[in-house]
1. Exactly one of (1) outside any strand (DSSP E or B); (2) farther than 14 Å from Pro307 by Cα is unmet by Val263. Its number?
2. Only one of (1) within 21 Å of Val179 (Cβ to Cβ); (2) away from the ligand (no atom under 13 Å from the Cβ) is not met by Arg260, so which one is it?
3. Would you tally the residues in the stretch 137-163 being touching a Pro at 6+ places or on another chain (Cβ under 8 Å) and under 26 Å from Leu19 (Cβ atoms)?
4. Please work out if Ile140 is touching a residue at least 40 places away in the same chain (Cβ under 8 Å), more than 26 Å from Glu79 (Cα to Cα) and within 16 Å of the ligand (Cβ to nearest atom).
5. What do you reckon, is Glu289 over 20 Å from the mean Cα position of the chain (by Cα) and part of a helix (DSSP H, G or I)?
6. So is Phe111 touching a residue at least 12 places away in the same chain (Cβ under 8 Å), buried (at least 20 other Cβ atoms within 10 Å of the Cβ), within 16 Å of the ligand (Cβ to nearest atom) and of a type in the set (A, V, I, L, M, F, W, C) or not?
7. For the stretch 229-253, how many residues are under 22 Å from the mean Cα position of the chain (by Cα) and either of a type in the set (Gly, Ala, Ser) or not in a strand (DSSP E or B) (or both)?
8. Could you grab me the full set of residues in the stretch 70-100 that are among the aliphatic types (A, V, I, L, M) and either within 16 Å of the ligand (Cβ to nearest atom) or over 23 Å from the mean Cα position of the chain (by Cα) (or both)?
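The values are calculated or read from the model by the stated rules, or taken from the named source; none is laboratory data. Worth saying up front: this structure is predicted, and the values here are computed from it rather than measured. Cβ: placed from backbone, ideal geometry, glycine included. Neighbour counts: every protein chain shown.
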Amino acid sequence: MGTLPRNRAASPQYDENKLGFGTIFTEHMLQMRYSADEGGWQVPEIVSFQDLVLHPATMMLHYGQQVFEGLKAFAGPDEEDILLFRPDMNIARFNKSCARLCIPIVDSDLFMDQMSKLIRLDRDWIPRTHGTSLYVRPTIIATDPFLGVRPSKQYLFYIILCPVGAYYPEGFNPVKIVVTDKYIRACRGGLGEAKTAANYAASLLAAEEAHEEGFTQVLWLNAVDKCSIEEVGTMNIFFRIDGEVVTPALEGTILPGVTRDSVIRFARDLGNKVTERQISIEEVVRAAETGSLQEIFGSGTAAVISPVSHFRYKGRDYMVGDGQTGPVARRLFDDLTAIQTGHKPDPYGWMVNVGK
Ligand code: COI
């Protein structure tokens, strides 16, 4: 990113009402290095936001040994509040992904302490406009300057912060998705449930083709049967069919979303029948044809709740419900964002206040 303004008001690009996703970064970042030959993790430090200087042979650049996370901090109603949404789940998932990628785990308490410290330092960057938040991106990369294929012995763990608005240009308005049976995202035993760059790289070509056809995202099918539904790459997926809310079960190929987990709990408490099970694309097509497909929506940290108005499968287009945002998606979005910003009580103990 190079040079950044010392404060957000000085930035010509900064308008809290026009925030997109992932383009503006705050003044500081956290860094912590790991060296197997020097006793493991070194002392963490918060430094000015800056470019990384990497050796051209840095292992991550060649073999993709990397893990990241995404979570959000919200400005609460009290000036002092900084509310994090379920950070314990992101930290646990980060370390689970690290284990899969042969990366040393980060102590959870240290992770939480340092992340909170960084967010407190850059608290002026937390946007307050409705629908905005401070997106937190912890990342770890393999840094050995070495071209042999093996796990790195050195790593850089860093956290950057990013004031964001809606992830999709559509905001909370419904998106259109296309079901692909041409490409696959992941298969069992692979990396599908880890939050690592390779999964996103695998999704790019399908996403480009989807965009060319006018779709926002790709709905992935199981790699083996090309039949059961998996996820949307940037979000998990939910269907409401005949009053039952269904989401694909976690079987090792999809990301165990923090928002997914929250939606399941929340939708149940709102009186919905919620089932985690295999769901085939044929079942969804049948439901669309017989009029029992009431809603489709995605869930994710960046996307929050994203209603789906149409989907395409094998060249045919299907409308979901009446093509508008459904009542369950709306209620989940409204209540979830109200809890996240402290405007509604949090009956689950999900929010962690790191402001004071
Ligand atoms: C998130 O929801 O935090 C994600 O990581 C999805 C995407 C921005 C990669």
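1. Among (1) outside any strand (DSSP E or B); (2) farther than 14 Å from Pro307 by Cα, the lone unmet condition for Val263 is (2).
2. Going through (1) within 21 Å of Val179 (Cβ to Cβ); (2) away from the ligand (no atom under 13 Å from the Cβ) one by one, Arg260 breaks only (2).
3. Residues meeting the conditions: 3.
4. Details: touching a residue at least 40 places away in the same chain (Cβ under 8 Å): yes; more than 26 Å from Glu79 (Cα to Cα): yes; within 16 Å of the ligand (Cβ to nearest atom): yes.
So Ile140 fits the description; yes.
5. Numbers: over 20 Å from the mean Cα position of the chain (by Cα): yes; part of a helix (DSSP H, G or I): yes.
For Glu289, the condition - over 20 Å from the mean Cα position of the chain (by Cα) and part of a helix (DSSP H, G or I) - is met.
6. Values: touching a residue at least 12 places away in the same chain (Cβ under 8 Å): yes; buried (at least 20 other Cβ atoms within 10 Å of the Cβ): yes; within 16 Å of the ligand (Cβ to nearest atom): no; of a type in the set (A, V, I, L, M, F, W, C): yes.
No: the conditions fail for Phe111.
7. Matching residues across the stretch 229-253 total 11.
8. Step one: filter the stretch 70-100 for residues among the aliphatic types (A, V, I, L, M), giving 71, 73, 75, 82-84, 89, 91-92, 99.
Hits for the stretch 70-100 are Leu71, Ala73, Leu84, Met89, Ile91, Ala92.
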